[in-house]
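K.L.:
The structure is given below, and queries will be raised subsequently.
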Amino acid sequence: HIECRVIVQFVVSKTGEIVDVEVVRSSGYEAFDREAVRVIKLMPKWNPGKQRGKAVNVKYTVPVRFKLAD
């Protein structure tokens, strides 16, 4: 039974693409860290952030939880 959390940071670009994905807090398991980055990179385009009516890059930090049972 393994439970862990990986904190991943990424940027939603002006075009809505997910870029600059990185692990900011590791789970302690390299395989889980790689999987969290892989899953984040697979996300579809987001709506870009806007400031004064113009699209801007926005940085997000999200936890990715893993829970594996026997």
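K.L.:
Measuring from label point to label point, each 7 Å out along Cα→Cβ, what is the K14 to R38 span in nm?
P.N.:
That separation, rounded to one decimal, is 3.3 nm.
K.L.:
On C-alpha positions alone, give me the angle between the axis of helix 30-42 and the longest principal axis of the chain, in degrees, nearest 10.
P.N.:
With both axes taken from Cα atoms, the answer is about 30 degrees.
K.L.:
Then there is this: Rounded to whole Hz and in sequence order, give me ³J(HN,Hα) for region 7-22 from the Karplus expression 6.51 cos²θ - 1.76 cosθ + 1.60, θ = phi - 60°, writing x for Gly and Pro.
P.N.:
9, 10, 10, 8, 10, 8, 6, 4, 8, x, 7, 8, 9, 6, 7, 8
K.L.:
Here is a follow-up. Please state the charge dipole magnitude for the chain, taken about the Cα centre, from unit charges on C-beta atoms (+1 on K and R, -1 on D and E), reported in debye and rounded to the nearest 20.
P.N.:
Using Cβ point charges on Lys, Arg, Asp and Glu, the chain gives about 540 debye.
K.L.:
Take the solvent-accessible surface of the protein heavy atoms, probe 1.4 Å, and return the percent of it on the chain that carbon and sulfur atoms account for.
P.N.:
Values: 2550 of 5230 Å².
Looking at the chain in its full context, I get 49 percent from C and S.
K.L.:
Straight-line reach from K41: which aspartates and glutamates have a Cα under 19 Å away, not including same-chain ones fewer than 8 places off?
P.N.:
E17, D20, E22, E30, D33
The values are calculated or read from the model by the stated rules, or taken from the named source; none is laboratory data. All of these numbers come straight from a predicted model, not from anything done at the bench. We place every Cβ from the backbone using ideal geometry, glycine too, and count neighbours over all the protein chains shown. Side chains are part of the model used for accessible areas, which takes the heavy atoms of the whole protein and leaves out ligands, DNA and RNA. Shrake-Rupley method; radii C 1.70, N 1.55, O 1.52, S 1.80 Å.
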